Every structure is written in C-alpha cells, then in structure tokens.
Amino acid sequence: MEASHAISEAVKMIKPDVIAAYPITPQTHIVERLSEYVANGEIGAEYIRVESEFAAISACLGAEATGVRAYTSTSSQGLALMFEVLFIVSGMRLPIGMTVVNRALSAPINIWNDHQDSMSCRDSGWLQLYAETAQECFDLTVMQYKISENKDVLLPSMVGLDGFTLSHVYEPFFIPEQKEIDDFLPEYVPTHAILEPEQPLTLGPIGFPSHYMELRKTQVDAMEGSLKVIEKVFKEYSEKFPAQIKGTRPETYYHIEEYKMDDAQVAFVAIGSVCGSIKDVIDVLRSKGEKVGLVKIVTYRPFPMEALKKSLKNVKKIAVVEKALSPGANGPVFEEICSLLFEAKSDAEVRNFIVGLGGRDVKLDHIQKIFDMAKKGAGKKQEWMF
Amino acid sequence: MKKQRIDYGSLKSKIGNVEVTTGAVLESTGSTSKTKTGAWRSLRPLVDDKKCIGCGRCWTYCPEGCVHKKAEKVFQVDYDYCKGCGICANECPVKAITMVMEEK
C-alpha cells in the first residue's frame, strides 16, 4: 500500500470521533480514503467537509474541546492557512492529531516535497514527529495520539511525511489487529476540556499580562516533559508490536535513529525519507572503510537535545542535510545542532547542506558529494546541492 | 460519548504566586455578567424621548445588543455594556440620539 494509505489505515484504527479536512496535494489520498471509510460506515466518525484549512483546524479545535478525538491532515499552503489556529490549539492544550504531508511553500507555486511548511510551524507548540517509511507513518500516527492525550502532555501533534517521495510510494507495512490497537490506545478520556452542561467550563478565556507568562510556561514545561512520555510510548509500542518487515522501521523507536554511529567520525543529520538514500550511501562508504554514520531525527519537537548530544559526542565532522531554510540565517535544524554542540563544548565542524527543495531529486551522487565536502571540511557554512 | 466530569482541582498549578490551570480552563462561567464593559465608552448615546418615534432601528443595528426593547415602541440603552460606537445615532431617522462625551 502507499504511505498515504498507511496513514488512513492508522486513522481508521484509532477511531477518531471527528475528521475535518480540506483536500490539498499531496495530502489528498489520505483524506479521500478516510471519507470513503466514513461513507461505508467503517469509521464511526463525523466527517466535516469544510471550506478551507482554516475551517478544518477550527472544526477540530471545537470538536476536541467538547472532549472527543479529532483528526486533520494538510500540506504546504493549507498548513500556512491553519497557522493562526495552531497556536490556539496548543495554548488550549487540545491533543489534536494532524498529518502534514510535507510540501514546498509558494511562490513560485510548487506541489512537491520539502520541509519548509512544517518547519515554519516549529514554534507553534505542536509536537512534531517525522516518518521515513510507510511503516513509520502508520506507527507514528497511532503513537501520536497516545502521546498527545497523555494527561501530562496534552499537546497537539503533527506527523510529517515527505510528499510524493513517501506519501505516494508503495511499500509493504504491517498492520496489527484492531483489538491490539484498542488495547494500546483506549478511548480518549478528556481531563481538562469537555462540553457538559452539568459542569460548564470557560475555554479559551483572555489571559491578562498578570497570567499570560505563567500559562505559557506551563505549556513549555509540558513540551519538555513530553520527551519522557514519547520515549515511554515509543518503547511500549515497539515491544507490543515488534518489527515484522525488515528495514521498514527501527526495532525500538526512539527520538533519534542511529545508523552505524558507533565509531563514526563523520555524521549525517537528516529528517524524513532522504535518510533511506543516506543509509545506502553509508553502506557503500563503509565498505570502503569510511567511518561514517547517520542520525535521523524522529522527534523534532520537543527537540531531543540530550539524545543528540550523546550521539554526536565523538563525531568530528557533521553534515546537516536539510530540506528547509530560513532566509537570512541557516537551516533550522543546523542552527539547533550548532547550539547543542556549543553547549556540549564540542569542536566538531558542522556544515549545512540544503537539498531537495521543491521536490528536487536528492540523488546518491549528491549525498556522496556531501560526504566528501564534509570530510574535507573548511568550506562554506551553507552549501546548496542543486 | 460517556458522561465525563473534570476534576477541576487537578488542573491547578502555581508558578511563583500565580495560579494557573491547564489550557487556562476556567470553572466559572458567566464572567460577562460581572465585567461591565461599558467602562470602555468615551461617547454616550443620549436618547431624546420627545423626538423618538419608536421605530426600533437603534435596537436592530446595535452590534452589541445593548439597546433593549422595554415595551412596544420603548427602547432603552444598556450603559453597562454600551461601548459608545455611535451606530444607533447614525441610523436614527429622526436624529433623536446624540453622542455626548463621557465625563467623570
């Protein structure tokens, strides 16, 4: 099945009460399939056909505030249109689950993959997890609800997957039994927001200067605390549903996935489906005796500082391969890697390689070249791999 | 959906001396009845009963629902919530409403 349908399958199995989404390429296949499931009665959810992404996320906000499980999905401009509401959802601590099928932002208009859309939302207070394979799409979608709905977290979450290069690609993946998913993820029990006339609550009130900072701090604390919850949920899921098809997911999910990092002197740091190609190149390089590895970031928000510090401790050269940018500065992941290395007093040489914007193919040659440049060192801080 | 009850006490936490709740949820409702937003007003609509023909346009157009219909053709401004936007005065066909500066 294609990775889009791995997501639809997972959403079916987590039994959402409300689905509100507006179709946008390359997210369409996910919600198309979900609407079929609702029409056939395979999902008991209310499917709200909205007139925009702003309405989709707003409908989910309203639904989740009544104490039910809500789901939405979007890409690119659609996510940009949701931007205002993203902060309201996280501020109100509503554990909505969303899939972002990563696509470039206009202008020029472009429907293909990069990470600019969700990276622009990294400060919105949503958890962000990124998938590399169809299996990870399925698994992370189930896990995101378990994490978000944890009473110590109560934060919305996005699962990112690469548009087309992952979303429209057919891959084998394992689907557990419905009963096992039900055991893992029971019905959502709201602990702070419901619509119940017998206990009326005010949700989303004004936060005066006397309270705003403290409320924001509780949100930041929850985000920080979620690192432990994510780790626990990842472990629980990995044990309950052991990997069935080789190479489709890590044995045990963790904030990062390390590939041949044990004695690595040169390391790639990357997110998403490009990691598959990087692993292939690493295999070739390793056969030639190069000490090279990859750190794939799965949990991007909260940022797994300690896990990355530990992983990159002995590495001398680091190539941060990114499908996103911040005009006027370096790529967002690069900046954060530099900041944690500074904290760790590392003297590693870090360089930022911008790849694959707007669906530009990232070829094995590109990755080989990145390795050569990173290993040699002493070049420009930011290199564009056209 | 099962009937749920929120354990409101469990949502409370303190940072310094400031008490907050998860997601800023408040157990009390109806705070609008306590917060009199009429204090925002700088211009007050005054109705000249002699000129008023009781057409009800002020009642229809008031964006805040602050003109109340007391009886047939009798309308009264609710100064607790009127913010003095002046739409009523603008819409009045017989110019029975004048906006005057609020004074202490």
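The values are calculated or read from the model by the stated rules, or taken from the named source; none is laboratory data. What you see is a predicted model; the values in this text were computed from it and never measured. All Cβ positions, glycine included, derive from the backbone under ideal geometry; neighbour counts span all protein chains shown. Side chains are part of the model used for accessible areas, which takes the heavy atoms of the whole protein and leaves out ligands, DNA and RNA. Shrake-Rupley method; radii C 1.70, N 1.55, O 1.52, S 1.80 Å.
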Around B:Lys36: net Lys/Arg minus Asp/Glu count, Cβ-Cβ under 12 Å = +1
Given N residues in chain A, what is Rg(Cα) / (2.2 N^0.38 Å)?
-> 0.97
How large is the helix-only mean residue ellipticity at 222 nm for chain B, computed as the sum of -39500 (n - 2.57) over DSSP H runs with n ≥ 4, divided by its residue count, in deg cm²/dmol to the nearest 500?
-> -2000 deg cm²/dmol
Could you work out how far the C-alpha centroid of region B:19-46 sits from that of region B:69-102, in angstrom?
-> 22
What nm distance separates the two modelled labels at A:Asp183 and A:Lys240, each placed 7 Å from Cα along Cα→Cβ?
-> 0.9
Accessible area that becomes buried as B packs against A, both chains, 1.4 Å probe, Å², nearest 100 | 2200
Cysteines of the protein assembly as shown without any disulfide-compatible partner (other Cys Cβ under 4.7 Å) are A:Cys60, A:Cys121, A:Cys137, A:Cys275, A:Cys338, B:Cys52, B:Cys55, B:Cys62, B:Cys85, B:Cys92
Tell me, what is the per residue accessible area of region A:235-297 in Å², probe radius 1.4 Å?
-> 44
How much net charge surrounds A:Ile57 when only the other residues with a Cβ under 13 Å from the Cβ of A:Ile57 are counted, with Lys and Arg +1 and Asp and Glu -1?
-> -4
Region B:37-104: relative contact order from alpha carbon pairs under 8 Å, six or more residues apart, as a whole percent, is 48
Hey, which lysines would be in cross-link range of A:Lys15, C-alpha to C-alpha under 26 Å, not counting anything within fewer than 8 residues on its own chain?
-> A:Lys146, A:Lys151, A:Lys179, A:Lys228, A:Lys232, A:Lys235, A:Lys240, B:Lys2, B:Lys3
Kindly work out what percent of the DSSP beta bridges joining two residues of region A:256-384 are antiparallel, to the nearest 5.
-> 20
Let me have the relative contact order for region A:256-384, percent, based on Cα pairs under 8 Å that are six or more residues apart.
-> 28
From the backbone phi of region A:247-252, what are the Karplus-calculated ³J(HN,Hα) couplings (6.51 cos²θ - 1.76 cosθ + 1.60, θ = phi - 60°) in whole Hz, Gly and Pro given as x?
-> x, 9, 5, x, 3, 10
Long-range amide H partners of A:Ala20 with built H, under 5 Å | A:Ile48, A:Tyr71
With labels modelled as points extended 7 Å from the Cα through the Cβ direction, what inter-label distance (nm, one decimal) is found for A:Val169 paired with A:Asp152?
-> 3.6
Note to self: C-alpha centroids of region A:213-277 and region A:46-94 sit apart, in Å, by 25
What's the percent breakdown of Cα-Cα distances in chain B across 5 Å bins, shortest bin first?
-> 2, 11, 17, 15, 11, 8, 6, 8, 8, 7, 5, 1
Work out how much length A:Glu335 to A:Ala39 would gain on full extension: take 0.36 nm times their residue separation and subtract the Cα-Cα distance, in nm to one decimal.
-> 102.0 nm
FRET efficiency for A:Asp361 and A:Asn314, using Cβ-Cβ distance with R0 set to 30 Å, rounded to 0.05 | 0.40
Positions from region A:146-192 whose accessible area shrinks by 50 Å² or more when the full protein complex is built, not the chain alone, probe 1.4 Å | A:His192
The size of the Cβ-based charge dipole (Lys, Arg +1; Asp, Glu -1) of the protein assembly as shown about the Cα centre, to the nearest 20 debye, is 1220
